[in-house]
Amino acid sequence: MLLLGREYYQGRLTEPTLLFIPLGIHVGSSLLRRAILKPPKKPGLVTLTAYASLVSVPIHFYITRVIPSSPTPPISSFSPSELNYEFVKAGFTFLPLTSWVAYMGIVTVVLLHGAEGGSIINRWLTGKPLNKRLRRGVALLAAAATALGLYRISQEPLLLRGARLERALEIYRGFPPHRYLEGI
């Protein structure tokens, strides 16, 4: 997803249109719905994954968009094109614990949220929810496929060197838990 999708959505007009506006509408309408309707006594998986996404997606955005845009050295406005496999490999090389937890956490939460939300939409359209085991199984298989891809990336030799590597590591250092948990 990281590199395949970025080609298509990352642009001055396409990113807001395809990513930020729909995401803002989704989050805003969900929060409004929660404010208007009485919250359920026992939240379902779609609600729990929504709450987890409200934490993990902004952190991901902060690490991959806000910190890299810093004009101060050594980051010096890391280009979006530099947020590539080598950037990911640097994370897995120098921050293995937080990289695995962060990537698999956000992937699993978002996939489960999508599967549960898809079932709600299907029930709204057809009157029937999607099979619970099937939708969760597909989400977890997709997470496993992502884990396999990340494992493959993490096993490749790191090609970033010198100033480019230091710039990438400085981005990771910009998020305090990385510094404290991994000591970089």
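The values are calculated or read from the model by the stated rules, or taken from the named source; none is laboratory data. Being a predicted model, the structure only gives us computed values, none of them experimental. Every residue, glycine among them, receives a Cβ derived from its backbone with ideal geometry; neighbour counts consider all protein chains shown. Accessible surface areas use protein heavy atoms only, side chains included; no ligands, DNA or RNA. Shrake-Rupley method; radii C 1.70, N 1.55, O 1.52, S 1.80 Å.
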So, with +1 on the Cβ of K and R and -1 on the Cβ of D and E, and no other charges, what is the size of the charge dipole of segment 1-107 about its Cα centre, to the nearest 20 debye?
-> 660
Of the heavy-atom accessible surface of the chain (probe 1.4 angstrom), what whole percent is carbon and sulfur?
-> 69
Answer label for volume of the Cα convex hull per residue in Å³ (calculated), chosen among [x] 126; [y] 104; [z] 149 = [z]
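Quick one: accessible area per residue over the chain, 1.4 Å probe, rounded to a whole number of Å²? Walk me through the intermediate numbers first.
Working: 11890 Å² over 184 residues.
Dividing the accessible area of the chain by its residue count gives 65 Å².
In a shell of Cβ-Cβ distance under 15 Å around ALA139, excluding ALA139 itself, what net charge do Lys and Arg (+1) and Asp and Glu (-1) give?
+3
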Separation of the GLU156 and ILE21 label points, Cα + 7 Å toward Cβ, nm | 3.4
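Keeping to pairs on different chains or 8 or more places apart, tell me how many lysine pairs in the chain have Cα atoms under 24 Å apart.
On the way: LYS38/LYS128; LYS41/LYS128; LYS41/LYS132; LYS42/LYS128; LYS42/LYS132.
For the chain, the number of qualifying lysine pairs is 5.
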Using alpha-carbon positions, what is the distance between the centroids of segment 124-184 and segment 95-122, in Å?
-> 9
Of the candidates SER154, LEU54, ALA90, the farthest towards the positive dipole end of the chain (Lys/Arg Cβ +1, Asp/Glu Cβ -1, centred on the Cα centre) is LEU54
Compare the Cα positions of ILE67, GLY174, ILE25 along the charge dipole of the chain (+1 at Cβ of Lys, Arg; -1 at Cβ of Asp, Glu; about the Cα centre) and return the one farthest towards the positive end.
-> ILE25
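Using unit Cβ charges (K, R positive; D, E negative) and no other charged atoms, how large, in debye to the nearest 20, is the dipole of the chain about its Cα centre? Numbers along the way, then the final one.
Working: 21 positive and 9 negative charges, 200 e Å.
Here the chain has a charge dipole of around 960 debye.
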